[in-house]
Amino acid sequence: MVKRRRIVKFDSPEIQGEGSWARVSQLTVKEMREIDKLKDVESFDSFELAISTIKSHVVEWNWVDDDGEPMPQVPDSPEVVEALTDYEVEFLGICIRGPQDEDLKNL
């Protein structure tokens, strides 16, 4: 039976070690259009948009902190995103929006 896969699980061994993963919901066309419109706003902050998007699209993960302790789940504790590294943020962004041309060159 056909089933929509809007929530996708991505393995993340290069980011969080062997066996790690994150489940994220994909952007809809409506969300992509809203993001595209924001780019014309003078006060547009792409970094803050990325953080906000991660907070609203990460569904579940098994990631750990620097001490190997499980990180809280983003839906329960969105502030946990503030503890992520730049590589973790970049990885989640690619998972949520899908790879862009530049990302594909680096895969």
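Every number in this text was worked out from the coordinates using simple rules, so none of it is lab data. Predicted model, so just to flag it, every value in this text is computed and none were measured. All Cβ positions, glycine included, derive from the backbone under ideal geometry; neighbour counts span all protein chains shown.
Tabulated values for the structure
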read-out	value
Per-residue [θ]222 nm for the chain (sum of -39500 (n - 2.57) over DSSP H runs n ≥ 4, rounded to 500)	-11500 deg cm²/dmol
Rounded if a/c under 1.5, otherwise prolate or oblate - the chain, Cα gyration tensor axes	prolate
Estimated FRET transfer efficiency when R0 is 35 angstrom, pair TYR87-VAL2 (beta carbons, to 0.05)	0.50
Restraint check, LYS9/LYS37; LYS9/LYS55; LYS3/LYS39; LYS3/LYS30, Cα-Cα greater than 26 Å	LYS9/LYS37; LYS3/LYS39
Estimated FRET transfer efficiency when R0 is 35 angstrom, pair PHE44-ASP66 (beta carbons, to 0.05)	0.60
Separation in nanometres of the label points that stand 7 Å from Cα toward Cβ, at ILE35 and LYS55	1.7
Positive-pole candidate from VAL81, PRO70, SER52, dipole of the chain, charges at beta carbon	SER52
